[in-house]
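Notes follow the structure.
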C-alpha cells in the first residue's frame, strides 16, 4: 500500500514539474495559461456578482405577474359592480314588489288580506286560514326542517307554514288556485286537494291548500 502511494505521488509530481518547466520555457504557453486563468477569474466574479441581480429580476417578474392577475380580478369586480348598479337603477320601481314577495319578516296579515281579496274576486268562500307557530318579532331561530317532512326552501330561506280551505264551484276554485299561485307574496304549495260532497243544500266542493311562505329573517 505504501509503495503504491509513493508511485502515484512521484507520477503526479513529475507531471506538475513538467508543466512548470514548460510554463517557464515557453512564453506562448504562459500567455495562454494567464488568459485562461484571467477569463476563469472574471467568469467566477461575474457569476457571484450577477446571481443576486438575476434572482432579484426573477422575483420582480413574478411579482409583476401576480399584480397583473390581481389587477385583472379587481377590474372584473369593478365591471360586475357597475353592471349590478346599472341593473339596480333600472329596476328601482320593482324593488317594493320584491320586498313584498319575499319579506324580511313573516307577515301573516298580508297573506290573509291577499287571500281575502282573491276569494272575493273569484267568488269563493273562505272556510278557514291557519298559520303555524312563527316568531313575528325579535331574533328568528335558524332554519329547521319542516314538521311535515318537506324539503327546506332554497337559499336557506325561513318559512311560515299555512293551511287554507275554500268552498265554491269547481270553475271558481280552479280560477282561485291559479290566482293564488300568482300572488305578490311568494308561496310554495306543498299539498292541494279538492273534494266534493252532496248535502241537503246541494253539492259542495272544497279545496284545501297547504304550503309555506318564505321570508328572509333577520341576519
Hey, among the residues in segment 167-192 that are surrounded by 13 or more Cβ atoms within 10 Å (Cβ to Cβ) and over 43 Å from the mean Cα position of the chain (by Cα), which one's farthest from residue 215 (Cα to Cα)? 169
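Taking the condition of being in contact with a strand residue (DSSP E or B) (Cβ under 9 Å, 6 or more places away or on another chain) and outside any strand (DSSP E or B), how many residues in segment 180-195 meet it?
Residues flagged as in contact with a strand residue (DSSP E or B) (Cβ under 9 Å, 6 or more places away or on another chain) and outside any strand (DSSP E or B) within segment 180-195 amount to 5.
Read the figures in this text as sums done on the coordinates, not as results from a lab. Values in this document were obtained by computation on a predicted structure and should not be read as measured data. Glycine also receives a Cβ, built like all others from the backbone with ideal geometry; neighbour counts cover every protein chain displayed.
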